[in-house]
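Written out below as structure tokens is the structure these notes cover.
The values are calculated or read from the model by the stated rules, or taken from the named source; none is laboratory data. Nothing here was measured: the structure is a model prediction, and the numbers come from that model. Every residue, glycine among them, receives a Cβ derived from its backbone with ideal geometry; neighbour counts consider all protein chains shown.
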Amino acid sequence: MPKSYLLKLSGREEGPYEETQIAQMFADGRIDRNTPCKPTDRGDWKSVDDYLPMLKYGTQLPSPSEVRNMPPELPPMSVAQRVAVVDFDIPFWSVLKIMFKWMAAAFVVFCCFLPAIILVWLIIMGVFAGLINGAMSSLHHP
């Protein structure tokens, strides 16, 4: 037997809706991950994402229903919006592999520019040597 949930839409409790109905509402864009939701039999108000986390991946969503000619209902401006911070679970070895690839690419680029860097360095040192030579040669003449 599928679970049913109450949703808080525009400040009112609506429902009960079954999981498939909520998935269709999510696919249609009528609700989002932060819409308040709670099971009909028990529980606290949490977001849809807390009770139905598989919706955010979109793998089990039905196709959106027909688009109506009504403009979307805008939320009131005084309502604070929740911000969800998502924690990415990336394995350490994958990060290490990526960093190694970046370092190898940077080394190749550095080696390509190394002759130009050496040439510029030799020119700058030649200019300084010429300046020092000119300054030193003026000391011998009275």
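Observations on the structure shown:
- Neighbours by Cβ (under 8 Å, 6+ apart or cross-chain): first from the range 11-30, modelled with pLDDT under 85; second small (G, A, S) and surrounded by 15 or more Cβ atoms within 10 Å (Cβ to Cβ): G15/S4
- Residue match in the range 56-63 (condition: modelled with pLDDT of 75 or more, within 21 Å of the chain's Cα centre (by Cα) and not aliphatic (A, V, I, L, M)): no
- Highlighted here are the strands (runs of 3 or more DSSP E) found entirely within the range 4-55 that include at least 3 residues which are over 26 Å from V86 (Cβ atoms) and charged (D, E, K, R): 12-18.
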